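Working notes, structure below.
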Amino acid sequence: MRGESNGAILHAMASQFLRKVMGLELEEKILNAGSLVAIAGVFLPWIGGEKIGGATVSYSGFGFYTTIIGISVFALHLFVLLITFIPLTGGPVLIRRRYREVVRLCATAEAVILILAALSVLIKVTFDLARMEIRFGIYVALIGSLVALFESFLRFQEQRKGFVQELFHHPEEDVQPVDKTEYFEAPPPPPPPPPPPPEEHRMYR
């Protein structure tokens, strides 16, 4: 009985969390989806092939010469996801709203730079070891990071535009103009002019 009640509670919490996720803005969904794709790409093969001894090997972002880079990319995108998902679960806000977009922009930009650095290292390795080749995992991580970077940049621009509008906003602009016709009745029309005096007709002989 207790297990069934715990399962119902977990199901209700999961349903509520999914509703909150679906209620996010489209740009927010795309940004976090890009980070999820980048994290998945770190677990996929980045380089592989035949070693000199004839054994076939494959290394993900956590292996080979790019271990530190893979861990850093994973940590950066995980941090981007936690900024969004922890408040949705009722947890504390990691980054204040004022600094959220610039922090995510810096994190995703750093992830892109690290992946490009790892790609240059792996290209050099493939030149030295002809039987090793770059695998699709690093490209998946790069595409996800670029999508997250692009969306975070757009959100940063929108936030900065909003700050500028608030800075130059005047409260007087919100006051609706008073329609004086609602408070003052129109003056009555002027009286008609008096009739002209009758004309005198003189008889001439």
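Just to verify a number: FRET efficiency for residue 9 and residue 113, C-beta to C-beta distance, R0 = 45 Å, to 0.05?
Efficiency for this residue pair is about 0.55.
Hey, with R₀ at 25 Å, roughly what FRET efficiency would residue 18 and residue 62 work out to, going by the Cβ-Cβ distance, to 0.05?
Between residue 18 and residue 62 the formula returns 0.25.
Could you tell me which GluC sites (Glu not before Pro) in region 9-94 are loop residues by DSSP with no more than 12 other beta carbons within 10 angstrom of their beta carbon?
25
Just to verify a number: FRET efficiency for residue 131 and residue 78, C-beta to C-beta distance, R0 = 45 Å, to 0.05?
After rounding to 0.05, the efficiency reads 0.85.
Extent of region 56-145 along each principal axis, from alpha carbon coordinates, in Å, largest to smallest?
The Cα atoms of region 56-145 stretch 51, 22, 19 Å along the principal axes, largest first.
Coordinate-derived values only; no laboratory data. Please read these numbers as outputs of a predicted model, since none were measured by experiment. Heads up, the Cβs are rebuilt from the backbone with ideal geometry, glycines too, and the neighbour counts pull from every protein chain shown.
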